[in-house]
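This report refers to the structure that appears directly beneath it.
We did not get these values from a lab; they are worked out from the coordinates using the rules stated. All values reported here derive from a predicted model rather than from experimental measurement. Reconstructed Cβ throughout: ideal geometry from the backbone, glycine too, with neighbour counts over all protein chains shown.
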Amino acid sequence: MSTTTTKDSRSREKAPAGEKVADWADGRLGIYSLAKANMRKIFPDHWSFMLGEICLYSFIIIILTGVYLTLFFHPSMNEIEYHGSYVPLQGQMMSEAFASTLDISFDVRGGLLIRQIHHWAAIVFLAGMFVHMMRVFFTGAFRKPREINWLFGFLLFVLGMFTGFTGYSLPDDLLSGTGVRFTQGAILATPIVGTYISMFLFGGEFPGGDFVSRFYSIHILLLPGIMLGLVVGHLILVFYHKHTQFAGPGKTNKNVVGMPLLPVYMAKAGGFFFLVFGFIAMLSAVASINPIWVLGPYRPDQVSTGAQPDWYMGFAEGLIRAMPGWEINLWGHTLVLGVFIPLVLFGLFLGVIALYPFIESWITGDKREHHILDRPRNAPTRTGFGVAWVTAYMIMLIGGGNDIVATHFHLSINSVTWFVRIGFFVGPVVAFIVTKRICLGLQRRDADKVLHGRESGIIKRLPHGEFIEVHEPLSQEALHTLTAHEQYKPAEIGPAVDENGVERKVKGSQKLRAKLSNAYFGEDNQIPKPTAEEYKEITSGHGHH
Amino acid sequence: MSSQDIPEENLPAERAADEHGAVSVADEKHPFADPGLPPHEHRIQDIDERAAKRSERAVAFLFTMSMLATVGFIAAFVAIPVDEIVYIWPLGHISGLNFALGMTLGLALFCIGAGAVHWARTLMSDEEIADERHAIEASPEDRAKVHADFKQGAKESALGRRKLIRNTMLGALTLVPLSGIVLLRDLGPLPEDKLRHTLWRRGKLLVNMNTDEPLRASDVTVGSLTFAKPEGLEEHDHEFQNEIAKAALMIVRLEPKDIKDKRELEWSHEGIVAYSKICTHVGCPISLYEQQTHHVLCPCHQSTFDLSDGARVIFGPAGHALPQLRIGVNDEGYLEALGDFDEPVGPSFWERG
Amino acid sequence: MKKLSARRRHPLAALVVLLLALACTGGLYTVFAPTDEAQAGTTAQSLAIDEGKKLYAVGCASCHGTGGQGTTDGPSLVGVGAAAVDFQVATGRMPAQQPGAQVPKKKNIYSQADIDQLAAYIASLGAGPSVPTEEQYNPEGADIAKGGELFRNNCSQCHNFTGKGGALTNGKYAPTLEDVDPKHIYEAMQTGPQNMPSFPDTTLTEKNKKDIIAYLDAVNSDDSESPGGLELGGLGPVSEGLFGWIFGLGGLIAVAVWVAARTAKAKKS
C-alpha cells in the first residue's frame, strides 16, 4: 500500500502521461515485473526461426477473416432454390449453406476477398506448420527442455488439419460433400461402433440435414478454441525456454545471442505480421481458391473427377487410394480392412513423429538441456529418419493426386498407384540410406576442412614440379563452429557375465537400446570430429598449406 | 528407462564455459576454442547520416504508400460494382472489385510491414547482445520445499488415511461425466436396418435422371450410359438427398453374349443391367464407364469394376462388387425393378455380413 | 578452365549443379516420354481422293475392313452414322496412327468436303445419327443452370467440373473440353467415341444436349469468368495446394529471409 502511494505521489510530480498509465497498470497487473524479464528479451536472427511466425500470423488472419465470414454464412442444410446473381446456378436446388456462400462470393462486397484470404491463409498455415516442424525436427530443437512444446506444436498441426477439413466442408459444395461422404464411409469401416458413430454424427443416414451445423460449431468454436489455448501455451514456452540458436562464435548452451525484443524484434516481428497479411491478401487478389460456384451444390449421386481434399489431407487420401481392397466377412460381420488399415496407419504415421523426441532421448539417455541446434548432417540417423518420413509423406501425397499426376505426365493411373504402393515401403528405406550417406560425407568434408583448410580451387605448381591445390586455413570462428557439435558414444550392454562369472540378466529393452544407440552413434554412423591433437599435428607438421 | 543404465562417459563432454567460454582466447592449447562474439561492425547508416536519412525517407515513403492504399481500398469499395468483370493479363476475366480490394488491402498491410522491418534493419541498433540462460530445473532447496509442502497438504487433507472419502470421491468423479455422454444419445437414431433398404420395390419404374421420364427398354442402346432414380422420388422431396444417396442407379446395355456372369445376365433385361451408382468402397458416386472395356472407375479412389462380369472389383481399394438391381419390363415396355437390392448398397460396415 | 576450377568451390556451385541436373532430367524426360503429337502430315498427300469410298479404302479400310465390317484392329462402322465420322475425322482422331484404347486428338488432314463424303459413305452402310445442324448445337437460349446440373450428372465424373479432363483406367483419359467445337461436343454425346459411353437422344434429349453445351460455353471458354483470379488449371485442391506451397509459403519464406538477413556492413560497401 505504502509503496503504491509513494509511487503515485512520485509520478504525480512530473512523469509523462505514458509512464502514468504504466504505473497505474502496474499497480493492478504487476506489469513491471513481467516486463523486466521480457522487454529486452533476446531473439536470435535466422530466417528459419520465422517459420513459426508465419504460422502464428496466418492463424490470426484466419481468425479475423473467419469472424467476418460467420456474419454472412448460414450453417443450414435446408434445401432452397437459388435465385442469386450467379447465372449458371439459378433455379438449382441447394442447401442454404451453399447459397449463402454464393452470396458471400457474389453479392457481398469484399466477401469473395475475405473468403479467399481465409482459405489461402489456411493453406499457408498448414504448410507453414509442416515446414516449421521439419525445421525443429532436423535441427534437434525438440530435445530437452522442449519436448512438451513439440507435442503442443504437433497437436496444433493435427487439429489444424481437422479444422481445415470441417471448414472446407461447410459450403456443402459437390467437392467437399464428396470428402464428407468419404469420411462417412471411413467411419462406417470402424469395427463394431462405426455404424453408430455415423448415425450419431450425421443425425441419421448420410447426408442428413445436420452435418453442416455440427461441423460449423466444431469448426468455429471447439477446435479453434483448443488451438488458441495451445498457441498461447506454445508461445509462453518459447518465451520461457528462450529461443535456440545455431553454434557459432560467442554462442554457448548457456546464453542466447541476438537482438532485443524492444525495439528490434517488436519492429521485425510486428512488421512481419503485416507482411504476411499483406502478402496473403495480394495472393487472394490474384489467385482463385475453392471456386464453389463451378463445383455446384452437393448431391450424393453426383461427382467430379479430380476429387481431392486440401493438401494437408492429401496424404490420408493417398493411403486410402493405394490400399488394396481387403475385406473379411466372418460370423455375419464385415471387417473393412481396405479402409480401416489406412485409418490406423494415418494415426500411427503421425504418432511416430510426435513421439520421436522421447524415443531419441531414451536412446541417447541424455537428460541435459540443449539450446544449441544441431546441423542436420551431425545427426545422420535422425536426419535420415526424418527424410524417410517426409519421403513416405510425399509419396502418399502423390498417391492422393494420382489421377492428376496420371493425366499431366501421360502415365497410367494404375501404374501411378502401383508406384505409390511399392514406393511407400521402398522409398523411405532408400531415402534413409542415401540421406545418411550424404550426412556422413558432409561430416567428412567438415573434418577435412578443419584439418586442411578450405580448398581454394587455385592450383599451384611447386618448384620441383608437383601440383598442389592451395588450401586456405579456416578462421578461428569457422574452426569453432565446425567442431562445436557434440558426439555421443554408443551405449554398451556391458559384459555378459558379472565379476563372479554369473551370467548377467540383460533386459530385452536394454539390448534394443544398445542396438539403436549403435545405429545412431556407432563407428560407421558418425565421423569422429577432429581433435585438437590431430589439428596441431597437421598444422605443425607440414603447415605449408 | 532411467538414465542410470547409460554410463555417464557415453554422454559427450560438454564444452564447459570455464574451459573455453566467451572470454577465452584462442591459443595453442585449444585450437577450436570459442573466439567469442565477433566485434560489432557498423552499417552505412550508423556512420553516414545521409544514408540514415535515406533510410528514414524510405520508411516514411512505405508508410505513406500504405495510407494511400487504404484510401484506394475505400475508393474501390465504393466505386467498383460487385459484379464487374474485368480482363487483366495474365489472370483472365476476374472480378474487378476482388482484385482492387485485394491489391489495395495487401499493399496497405505489406507497406506497413516493409516499413517497420526496413526501420528495424537499417536504423535500430543491430548490435548483438548475449543473454544468459538459467537452468529450468528448480534448485534442490526449492524442490525439497515443494515436496515438503505437498506432503504437508496431503497429510492435512487426510486423503490417504480416510479411504472411504477417497474412494467415494473417485467414484463420483468417474460417474459424473457419464451424464454428458448419455446426453449425446439423441444426436441421431440407431442404425437398425436403415442401411439395408432403398426405395426400390417390385414394380417401381426406372426414371431417367435427365428427363424425369420413365425409361423404356428401347431407349437404352448398347454403349450408352444413363442414370436412373426410383419413380416418385422428386428433387424437392424432403428426403431426396438421403434416398438418392442409396437408390441412384447406373444403367448400361451390353450385348448379352458379352456378359460373363450368369446371375448378371439373369437379372438384366436383354443385356440392360442396372447397378448401384454408389461405390462399395466409401460411397462416391461411381460412374466413369468405359463402353469398350465395360470397366467402371471410381473418380475418388480408382476402384475399378467390370460391368460385364458381375461388377467384380478388378483394381483399387473397394472390397466387394457393386450391388445389382434385378430389372424387367412391364406391359407398356417400361423398365421396372423386380425388388429391392438384395444386399446393402454403398460402403461396407461392421454389421453388413 | 582456371576460372571454372576456382569457382568450383563457390558456395553457390552446388545450386548451379542442382539446376543443371534438374535441366538434364527434364531433357531426358522429353526424350523418353511418350509423344502423342501427331505425325499426320506424311499420309496427307496420298489422300487427295474426292469420293468417300475411295477415301475410306485408303484411310480407314486397313483397320475397319473393306466394307466397314470391322477387324481385330478396329470396330465395325456399320450403323455408327455420319455424326461419328464427322467427330472422329474432323477432330483428327481418325485415321489413327496406331490402333489402341485411346486415340488422341490431332491435326485434321481432311477438308470438310472430304469428311462429308466419308460420312455419306459410312451412313450408307447402316442407319445412325446424322451430323447435327447448327440449330441443334447452338447454345443460344438454352438453360445454362439445367446444363450444369446435367453436366455434373453425366459428364463431370470423367471430364471434371468444368471440363478440364481427367484420368481413366490404364493410361486412358477423358480429354479436356476446352476449345472443342460445340458441334463436336454434340456429336460425341450422341455417338460415344472410343471409350466414352453414348448419350443418345432417347435418354439425353436434344434440349438436354443444348443445355450442356451452353453450360460449357459459360464456364469453359476463353472468356469464361473466374472472379477469384487465376484459375490454376481448374483442377481443384491439387493445384491450389501446389500454388499455396510454392507461391504462398515460398513467397513468405523469401520475405522471412529478407527480414532476418543482416544489413550490409559499411566495410563491405
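Can you give the Rg to Rh ratio of segment B:242-353, both from alpha-carbon atoms, with Rh computed by the Kirkwood formula?
0.95
Restricting attention to segment C:211-269, which trypsin sites (Lys or Arg not before Pro) occupy a DSSP loop and are surrounded by at most 15 other Cβ atoms within 10 Å?
C:262, C:267, C:268
How many nm is it between the label spots at residue A:344 and residue A:409, if each spot is 7 Å from the Cα in line with the beta carbon?
Taking the two extended label points, one gets 3.1 nm.
I need the Debye-formula profile for segment C:127-263: one equal scatterer per C-alpha, no solvent, reported as log10 I(q)/I(0) at q = 0.21 1/Å, two decimals.
Those come out to -1.28, one per q.
Please compute the alpha carbon radius of gyration of segment B:44-122, then divide it by the globular-protein estimate 2.2 N^0.38 Å. Two decimals is fine.
1.46
List the extent of the Cα atoms of the protein assembly as shown along each of their three principal axes, largest first, rounded to whole Å.
Dimensions of the protein assembly as shown along the principal axes of its Cα atoms: 101, 96, 85 Å.
Under a 5 Å amide H to amide H cut-off, with H placed in plane at 1.01 Å, what residues pair with residue C:230 once short-range neighbours are removed?
Here the answer is A:287, A:288, since their amide H atoms fall under 5 Å of that of residue C:230.
Could you list which residues have their amide H under 5 Å from that of residue B:43, counting only those 5 or more apart in sequence or on another chain, with H placed in the peptide plane?
C:266
Output the Kirkwood hydrodynamic radius of segment A:1-147, Cα pairs only, in Å rounded to one decimal.
20.6 Å
Regarding chain B, what's the average projected area of the Cα-atom convex hull, expressed in nm²?
Orientation-averaged projected area of the Cα hull: 41.3 nm².
What's the angle, to the nearest 10 degrees (0 to 90), between helix A:111-138's Cα axis and the longest principal axis of chain A?
In chain A, helix A:111-138 runs at an angle near 30 degrees to the longest axis.
Using the Cα centre as the reference, give the magnitude of the dipole from point charges on the C-beta atoms of segment B:207-249 (Lys, Arg: +1; Asp, Glu: -1; all else neutral), rounded to the nearest 20 debye.
The calculation lands at about 280 debye.
Taking +1 at the Cβ of each Lys and Arg and -1 at the Cβ of each Asp and Glu, which of C:104, C:71, A:130 sits farthest along the dipole of the protein assembly as shown towards its positive end, judged by Cα position relative to the Cα centre?
My answer, from the dipole projection, is A:130.
Return the average number of partner chain Cβ atoms within 10 angstrom of each residue Cβ along peptide B:42-51.
Partner Cβ neighbours, averaged per residue: 3.
How many partner chain Cβ atoms sit within 10 Å of a residue's Cβ in peptide C:204-212, on average, as a whole number?
2
As an exercise, take the mean of 1/r over every pair of distinct alpha carbons in segment A:417-545, invert it, and state the Kirkwood radius in angstroms.
About 19.0 Å, per the Kirkwood formula over Cα pairs.
So what is the relative contact order of segment C:132-223, in percent, for Cα pairs below 8 Å that sit 6 or more residues apart?
About 42 percent, as a whole number.
Give me the orientation-averaged projected area of the Cα convex hull of segment B:147-254, in nm², one decimal.
14.9 nm²
Separation of segment A:289-360 and segment A:394-420 by C-alpha centroid, Å?
16 Å
Provide the per-residue ³J(HN,Hα) series for segment A:57-68, in order, calculated from phi with Karplus coefficients 6.51, -1.76, 1.60 and θ = phi - 60°, each as a whole number of Hz, with x at glycine and proline positions.
Karplus-based 3J(HN,Hα) across segment A:57-68 equals 5, 5, 4, 4, 4, 4, 5, 4, 5, x, 4, 4 Hz.
For each pair in C:107/C:209; A:144/A:489; A:41/A:251; B:277/C:209, compute the distance between the two Cα atoms and list the pairs where it is over 24 Å.
In this structure, C:107/C:209 exceed 24 Å between Cα atoms.
Given 0.36 nm per residue, what is the gain on full extension from residue B:143 to residue B:93 after removing their alpha carbon distance, in nm?
This chain segment gains 11.2 nm when fully extended.
Going by how many other beta carbons lie within 10 Å of each one, how would you line up A:136, C:257, A:212, fewest first?
Going from least to most buried by this count: C:257, A:136, A:212.
List A:29, B:206 from most exposed to least, where exposure is judged by having the fewest other Cβ atoms within 10 Å.
A:29, B:206
Charges at C-beta only: +1 for Lys and Arg, -1 for Asp and Glu. How large is the resulting dipole of segment B:44-122 about its Cα centre, in Debye rounded to 20?
220 debye
Specify the angular offset, from 0 to 90 degrees and rounded to the nearest 10, of the alpha carbon long axis of helix B:140-157 from the longest principal axis of the alpha carbons in chain B.
So the inclination is approximately 60 degrees.
Which aspartates and glutamates does residue B:260 reach when only Cα atoms under 15 Å apart count, and residues fewer than 8 places away in its own chain are ignored?
Straight-line reach from residue B:260, under 15 Å: B:270, B:306, B:309.
Roughly speaking, what is the centre-to-centre gap between segment B:117-152 and segment A:37-54 when only Cα atoms are used, to the nearest Å?
Distance between centres, Cα-based: 15 Å.
From Cα coordinates alone, what are the radius of gyration and Dmax values for segment C:48-157 in angstrom?
15.8, 46
What spacing in nm lies between the two simple spin-label points modelled at residue B:235 and residue B:79, each 7 Å away from Cα in the Cβ direction?
Going by the 7 Å Cα→Cβ label model, 4.2 nm.
Can you give me the angle between helix B:163-183 and the longest principal axis of chain B, using Cα atoms only, in degrees from 0 to 90, rounded to the nearest 10?
Helix B:163-183 and the main axis of chain B meet at about 50 degrees.
Mind ordering A:448-458, A:299-309, B:81-91, A:141-151 by average Cβ neighbours within 10 Å, highest first?
Listed from highest to lowest mean packing, they are A:299-309, A:141-151, A:448-458, B:81-91.
From the phi of every residue in segment B:64-78, what ³J(HN,Hα) in whole Hz does the Karplus formula 6.51 cos²θ - 1.76 cosθ + 1.60 yield, where θ is phi - 60° and glycine or proline is x?
5, 4, 4, 4, 4, 5, 5, 4, x, 4, 5, 4, 5, 4, 7
Considering only C-alpha atoms, what is the centroid distance from segment A:170-211 to segment C:207-231, in Å?
Using only Cα atoms, the two centres lie 32 Å from each other.
Could you run the Karplus curve 6.51 cos²θ - 1.76 cosθ + 1.60 with θ = phi - 60° over segment B:116-133 and give me ³J(HN,Hα) per residue in whole Hz, x for Gly and Pro?
4, 5, 4, 4, 5, 6, 10, 10, 7, 4, 10, 6, 7, 10, 9, 10, 6, 9
Of A:168, A:32, how do they rank once you tally other Cβ atoms within 10 Å and put the fewest first?
A:32, A:168
Excluding residues on the same chain fewer than 8 positions from residue C:210, give the aspartates and glutamates whose Cα lies under 12 Å from its Cα.
C:134, C:135, C:140, C:143, C:187, C:201
So how strong a dipole does the protein assembly as shown carry about its Cα centre when Lys and Arg Cβ are +1 and Asp and Glu Cβ are -1, to the nearest 20 debye?
Charge dipole, the protein assembly as shown, about its Cα centre: 4720 debye, nearest 20.
To check my understanding: the extent here is largest minus smallest coordinate of the Cα atoms along each principal axis. What are those three numbers for chain A, in Å, largest first?
Sorted largest first, the three principal extents are 91, 83, 64 Å.
Please tell me the relative contact order of segment C:46-131 in percent, rounded to the nearest whole number, where contacts are Cα pairs under 8 Å and at least six residues apart.
38 percent
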